[in-house]
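Reviewing the structure listed below.
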There are 4 protein chains.
Amino acid sequence: MPLTADARGVYPIAPTPFFDDGRIDTASIDRLVDFYLGIGATGLTVLGQLGEAPKLSHGESVEVARRMIRRAPALPVIVGVSAPGFAAMRELTLEVMGAGAAGVMIAPPNTLRTDEQIVGYYRQAVDAIGADVPFVIQDYPLSFSVQMTPAVIRRIVGELPSCVMLKHEDWPGLEKISALRGFERDGSMRRIAILCGNNGLFLDYEMERGADGANTGYAFPDMLCDVVRLSVACQREAAHDLFDAHLPLLRYEQQPGVGLAVRKYLLMRRGLLASAAMRQPAPALSATARAEVEHLLGRLARRDERARLAPPG
Amino acid sequence: MPLTADARGVYPIAPTPFFDDGRIDTASIDRLVDFYLGIGATGLTVLGQLGEAPKLSHGESVEVARRMIRRAPALPVIVGVSAPGFAAMRELTLEVMGAGAAGVMIAPPNTLRTDEQIVGYYRQAVDAIGADVPFVIQDYPLSFSVQMTPAVIRRIVGELPSCVMLKHEDWPGLEKISALRGFERDGSMRRIAILCGNNGLFLDYEMERGADGANTGYAFPDMLCDVVRLSVACQREAAHDLFDAHLPLLRYEQQPGVGLAVRKYLLMRRGLLASAAMRQPAPALSATARAEVEHLLGRLARRDERARLAPPG
Amino acid sequence: MPLTADARGVYPIAPTPFFDDGRIDTASIDRLVDFYLGIGATGLTVLGQLGEAPKLSHGESVEVARRMIRRAPALPVIVGVSAPGFAAMRELTLEVMGAGAAGVMIAPPNTLRTDEQIVGYYRQAVDAIGADVPFVIQDYPLSFSVQMTPAVIRRIVGELPSCVMLKHEDWPGLEKISALRGFERDGSMRRIAILCGNNGLFLDYEMERGADGANTGYAFPDMLCDVVRLSVACQREAAHDLFDAHLPLLRYEQQPGVGLAVRKYLLMRRGLLASAAMRQPAPALSATARAEVEHLLGRLARRDERARLAPPG
Amino acid sequence: MPLTADARGVYPIAPTPFFDDGRIDTASIDRLVDFYLGIGATGLTVLGQLGEAPKLSHGESVEVARRMIRRAPALPVIVGVSAPGFAAMRELTLEVMGAGAAGVMIAPPNTLRTDEQIVGYYRQAVDAIGADVPFVIQDYPLSFSVQMTPAVIRRIVGELPSCVMLKHEDWPGLEKISALRGFERDGSMRRIAILCGNNGLFLDYEMERGADGANTGYAFPDMLCDVVRLSVACQREAAHDLFDAHLPLLRYEQQPGVGLAVRKYLLMRRGLLASAAMRQPAPALSATARAEVEHLLGRLARRDERARLAPPG
């Protein structure tokens, strides 16, 4: 079930669950995957930045990806294979594709600046992983400091047939979606899937601009699924009502750095993770921050039942 | 009326109004200032980044600052004097202080990296402008790429008595407010005013962390005034309710780059600016984006009457 | 005498002479200009980065440029007009062109990343200064963090007829010269002057790659003039011999930051500047560093008489 | 033979030899190591940035390090273990220390900005690799964008007893050596070894400032050994004469990016590498560049016999 340009819906970015001592918590992996299946996720992405991929050893990376893939045979699983060099990228790609992954996601290294360099990098990456492996461009300038114009993405898509999806997380990014869909309409670019990240901060309008769904890790991916569904069904105001109810918490989780600590805390509070532990380096969630998250949850619960959780231990 | 560490409330960041042809629109300056006075602003900041200060010639900068100061004799006016060199910074400071400004705001140049360099820069800036001119540190890493730890801010405050305020716009930034207020409590730093920027994206919790108010330019500064007032009055849920109602639009306006175009459009829609024009380089607001802003306004109007505007011409 | 694409030879980057108290030293300006004339410079650039341009007020900038232009009526003078905004750039351009400048030099702001942004910036700059003002692209990624590919330069040259020169200081940069000259040969780009900066660190081979000369500020511009002359006369080994003799000192002067302090010290030692003073922020030259420079001078004097200076006061 | 703060002399940065098809060339590894032994190197560093470490898979990294260690039982071998995460860093450290490495080298990730972050990172790195593993700080701002002040290095040295060496490649960097040696003299920092990198561009004066030697990869490490020896023996002018003879070529090799291609070409020309191949992404050495290198070699041969090589095949 290789990933294709027809991908749509919600591909949650799965966090990597750790025990408090830093070991990988496989039971929580299973629980997470089952949860994603249950809420109607249409795919899954593992070993993303916010999956703490760079903190895993090679062996651990393969183990985590394998376990997710096995647990969710019905879901296409995308594996993040970004690496400082092509040897490591190739090695991981071969292993996870062999294990049944649907495709891989590649972020540009933060040394790239010019259009030429960006296109050249993806060309070399495809040389390394093989032209038969479907891949996703991760376009996240806030995190990677690499700015890809729509024209650069069009060049990559035009040159590299195995490019099937854009993980869109530019900010601001709405016009980029419009520009890419415009390229498709004017025939200058073949269609690819556009799934949006950046914690879903603009998912409401991204869907209206032509996105195919979400590819992010907000702790209420069930909300993301609903918003995508409502939006596709043209229930515009209902989509915005639900989205807006979550926005105060979603914004809090979208903070760089500490955001993943918030996300893991919320997933723990929802009973999906046994621990909110992150591997070092990691920001700590202060007692005040935890109280703020609880306050946000309490306020959200008035508008979305799913946020009604038993008080923390 | 020099600026002191007792500053509090809302100091809107005033945009610089232009006509469509790029000339400065002084009538709109007056209208804006009158509006700020009417909604209970406690001060005013002009010639900030989002006042398009770098796009003005020296003469224009002085003219804009002077006009705002004269129009609002009751309000302390802070003038942004950030400049590539100290000669220009000194020249502008002398002129605006002579014209009645309450103090100046200084952002660090984006070449600064180490703690040493940052403290040294503010030391030299004070040498240039004079130790008797109250100044505000602008701490906006997203825009300036300079990261100041709480300890660095403490060093600046400790060394330079004329530092009276922090324009806090780090992101994430809540823990920084707590850390600075902690320094004050443990006696290691004298108290300074902390007014928050970054479009107010976290103003709700920033107030609870110990901020003294807002120093930003969201197109509904009347909402900022209300939230600060409610928060100070300990009407917590009312403050959040109002804030949350605005968050979808506020988030839209907080986008880097295009955000100022959104803000100016909104201020024009509110009848405060004659034109939403920006000077080059400036992002254009697409028709789709304008429609999205109108949609957000319509949704907001259900919860805040002030957003009920006659349809655009 | 407007600057044209036929410019060649050596355009020294003139430092701005200050007295120890920071005031501008006009007598040293005159002495410098006379010296440049005497050694066979073919032009002059003022208000560059290493002319400490950002540290001058607007009035001072105009004064310095005017004085240099008047003192050297026989030399085309290029004035650096890089500014954070187009209003200031336009204002300075109008004044210096009115005063007799041959053209202006524009560096890209360090926020530019994509090819699109870079080309767009120069387009807007020409809108601001007028299409009749000859301009020089300053391509100095080490200092400005903006990377222009040969293709981007070709787009600028193609779109903007008033672009007549490239101040080439990319590093590594030899292939860029070859690429641009290749574009000219294959007819895809009209010819522009390429004068090399970066303290002349690769001037020996840059001439062989097709550069037209030097546009930099090494404290022995007489050597630069000789090397360019020898290179043009195809006296290859003689050019390299002279260049290599200077390389140990030239390398020392090419250090970022402290390099300008070295240069001004050397120009003072040569009797051209009354003081080596720089305006703040400026690195100090330690006693050890001064001793190293004297050591380098002593060693150089064995191979180039011009470095034989009376011991420092 | 663990690395200690008494390290001195020349620790060449070993390149990783590849065949033209990208496979690792173990015979060239052996030849290189034998050569380093023969010229009087006092140690060896493998898997540095210019050892193309990020382009190796984990297994290859271990293989290369192991082979070098075995081949040079008499030399302390430092292994670069910089990695995007601590799990990978720990894993590689355990394997190479088990294989007999003398210590490891750790570069800071380019996301670090504040003093706090830098010190915190090394603290966590030591937690990961174990406090018993001697480590080297790699201080290379040009490549990593992390600026460490002398005070920050002092904090790391003070807090972490296993820090025994600084690979000094700041630029400008002479004052940093003086500052650190000053800290040692005033008793505020224990002594550590300082070995200089950055291709040796300032090795002549770095030795005079108090460096203990070189830790870089210039293709004539025999020259580095001689300069260090002459400098230690107080034969100042002889040291400079030899150094200056090499400077034109050394400068050419010091260019970012293409420099490693130059280095590998030279090592191939000297018969030490079977191929100059680099793994992708890698800059190509143009025919013109190769001719320039040959020209530089020819000129150098007049002053240093070791550069007299048979013409290229």
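For the stretch B:93-239, calculate the relative contact order in percent as a whole number, restricting contacts to Cα pairs under 8 Å that are 6 or more residues apart.
Over the stretch B:93-239, the number comes to 17 percent.
Which number do you get for Rg(Cα) / (2.2 N^0.38 Å) in the stretch D:129-241?
1.07
Accessible area of A:LYS176, 1.4 Å probe, to the nearest 10 Å²?
The accessible area of A:LYS176 comes to roughly 20 Å².
Just checking the output field for A:84-92: average partner chain Cβ neighbours within 10 Å of each residue's Cβ?
Average neighbour count from other chains, rounded to a whole number: 6.
Of C:PRO134, C:PRO108, C:PRO161, which has the largest mean-square fluctuation in a 10 Å C-alpha GNM of chain C?
In the Gaussian network model the winner is C:PRO161.
Identify the residue of chain C whose Cβ lies closest to the rotation axis that maps chain C onto chain B, and give that distance in whole Å.
Its Cβ sits closest to the axis: C:HIS58, 2.
Using all C-alpha to C-alpha distances in the stretch B:12-157, build P(r) with 10 Å bins and read off the rounded percent in each one.
Bin by bin from 0 Å, the calculated values are 11, 42, 33, 13, 1.
So who's got an amide H within less than 5 Å of the one on B:GLY80, skipping anything under 5 residues away but keeping other chains? H placed 1.01 Å off N, in plane.
Amide H to amide H, under 5 Å and 5 or more residues apart or across chains, B:GLY80 pairs with B:VAL46, B:LEU47, B:GLY48, B:MET105.
To the nearest hundred square angstrom, how large is the accessible surface buried between A and B, total for both chains, probe 1.4 angstrom?
3100 Å²
Provide an ascending nm list, one decimal, of label-point separations from A:MET1 to the equivalent residue in each further copy; define each label point as 7 Å from Cα along Cα→Cβ.
Nearest first, the other copies' label points are 5.7, 6.7, 7.6 nm away.
May I ask for the Rg/Rh ratio of chain B, computed from Cα atoms with Rh as the Kirkwood radius, given to two decimals?
That ratio is 0.95, to two decimals.
Tell me which lysines have Cα within less than 19 Å of B:LYS176's Cα, excluding those fewer than 8 residues away on the same chain?
The reachable lysines, counting only those whose Cα sits under 19 Å from B:LYS176, are B:LYS167.
The stretch C:110-165 to the stretch D:1-67: how many Å between their Cα centroids?
That distance is 43 Å.
Placing +1 at every Lys and Arg Cβ and -1 at every Asp and Glu Cβ, with all other atoms neutral, what dipole size does the protein assembly as shown have around its Cα centre, in debye to the nearest 20?
Around 0 debye, computed over the protein assembly as shown.
If each label sits 7 angstrom from Cα along the C-beta direction, how far apart, in nm, is D:ALA74 from its counterparts in the other copies?
So the label point of D:ALA74 gives 6.6, 6.9, 8.9 nm to the other copies.
Report, to the nearest whole %, how much of the accessible area of the stretch C:9-233 belongs to carbon and sulfur atoms, 1.4 Å probe, protein only.
Accessible surface attributable to carbon and sulfur in the stretch C:9-233 totals 52 percent.
Ignoring ligands, DNA and RNA, how do D:ASP304, B:ASP6 rank by accessible area with a 1.4 Å probe, largest first?
Sorted by accessible area, descending: B:ASP6, D:ASP304.
For the stretch D:106-161, treating each Cα as an identical point scatterer without solvent, what Debye log10 I(q)/I(0) comes out at q = 0.17, 0.19, 0.20, 0.23 1/Å?
Rounded to two decimals, the profile gives -0.48, -0.60, -0.67, -0.89.
Considering the dipole of the stretch B:9-233 built from charges on the beta carbon (Lys and Arg +1, Asp and Glu -1) around the Cα centre, which of B:GLY197, B:PRO15, B:LEU94 is farthest to its positive end?
Sorting the options by dipole projection puts first B:LEU94.
What residue among C:VAL81, C:GLN280, C:TYR140 has its Cα farthest toward the positive end of the dipole of chain C, where the charges are +1 on Lys, Arg and -1 on Asp, Glu, each on the Cβ?
Toward the positive end, the furthest listed residue is C:GLN280.
In what sequence, largest accessible area first, do B:GLU63, B:GLU292, B:GLU305 appear using a 1.4 Å probe?
B:GLU305, B:GLU63, B:GLU292
Quick one: what are the phi-derived ³J(HN,Hα) couplings along the stretch D:202-207, Karplus 6.51/-1.76/1.60 with θ = phi - 60°, whole Hz, x for glycine and proline?
So the J values, rounded to whole Hz, are 10, 4, 3, 7, 4, 4.
Given a 1.4 Å probe and the protein chains all in place, what does the accessible area of D:ASP241 round to, in Å² to the nearest 10?
Looks like 70 Å² after rounding.
Once label points are set 7 Å from the Cα along Cα→Cβ at both A:LEU142 and D:ASP30, what is their separation, rounded to one decimal in nm?
5.5 nm
Could you pull the accessible area for A:ASP186 with a 1.4 Å probe, rounded to 10 Å²?
Spelled out: A:ASP186, probe radius 1.4 Å, area about 100 Å².
By a straight-distance test (C-alpha under 16 Å), which aspartates and glutamates pair with C:LYS55 as possible cross-link partners, with residues fewer than eight away in the same chain excluded?
Answer for C:LYS55, where 16 Å is the Cα cut-off: B:GLU91, B:ASP127, C:ASP20, C:ASP21, C:ASP25, C:GLU63, listed by chain and number.
Let me spell out the model: positive unit charges on the Cβ of Lys and Arg, negative unit charges on the Cβ of Asp and Glu, origin at the Cα centre of the stretch A:9-233. What dipole size does that give, in debye rounded to 20?
My answer is approximately 400 debye.
Helix-only estimate, please: 222 nm mean residue ellipticity of chain A, summing -39500 (n - 2.57) across DSSP H runs of length 4 or more and dividing by its residues, to the nearest 500.
Calculated from helices alone, the mean residue ellipticity at 222 nm is -14500 deg cm²/dmol.
Would you kindly work out, in nm and rounded to one decimal, the distances from the label point of A:GLY22 to those of the same position in each other copy, ordered shortest first, with label points 7 Å along Cα-to-Cβ?
Shortest to longest, the spacings are 3.3, 5.1, 5.8 nm.
Tell me the label-point distance for the pair C:GLU63, D:ASP6, using the 7 Å Cα-to-Cβ offset, in nm and rounded to one decimal.
Simple spin-label model gives 6.2 nm for this pair.
Quick check: the distance between the Cα centres of the stretch A:235-299 and the stretch A:216-233, to the nearest angstrom?
The distance from the Cα centre of the stretch A:235-299 to that of the stretch A:216-233 comes to 15 Å.
Which of B:LEU50, B:LEU142, B:LEU166 ends up with the largest GNM mean-square fluctuation for chain B, with Cα atoms connected below 10 Å?
Of B:LEU50, B:LEU142, B:LEU166, the most mobile in the Gaussian network model is B:LEU142.
On a 1.4 Å probe surface of the protein chains, which of D:THR111, C:THR93 comes out largest in accessible area, and what is the full order?
D:THR111, C:THR93
So what is the relative contact order of chain D, in percent, for Cα pairs below 8 Å that sit 6 or more residues apart?
Reported relative contact order: 20 percent.
Counting Lys +1, Arg +1, Asp -1, Glu -1, what net charge surrounds B:PRO281 among other residues with beta carbon under 11 Å of its beta carbon?
Summing Lys/Arg as +1 and Asp/Glu as -1 gives +1.
Filter the DSSP H helices in chain C by two things, a Kyte-Doolittle mean of at least -1.0 and an axial alpha-carbon span of 27 angstrom or more, and list the hits by number.
Within chain C not a single helix satisfies the rule.
With chain C treated as a Gaussian network of Cα nodes joined by springs under 10 Å, which of C:GLN49, C:GLN280, C:GLN255 yields the largest mean-square fluctuation?
C:GLN280
Report, largest value first, the span of the C-alpha coordinates of the protein assembly as shown along each principal axis, in whole Å.
If we take the Cα atoms of the protein assembly as shown, the spans are 84, 69, 65 Å.
Nearest 5 is fine: what % of DSSP beta bridges in the protein assembly as shown come out antiparallel, could you say?
About 5 percent, rounded to the nearest 5.
Suppose a student asked you for the relative contact order of the stretch A:1-158, using Cα pairs under 8 Å spaced at least 6 residues apart; what percent would you report?
RCO, the stretch A:1-158: 21 percent.
The values are calculated or read from the model by the stated rules, or taken from the named source; none is laboratory data. From a predicted model like this one, the values you see are computed outputs, not experimental measurements. Glycine also receives a Cβ, built like all others from the backbone with ideal geometry; neighbour counts cover every protein chain displayed. The area values use the complete protein model at the heavy-atom level, side chains included, leaving out ligands, DNA and RNA. Shrake-Rupley method; radii C 1.70, N 1.55, O 1.52, S 1.80 Å.
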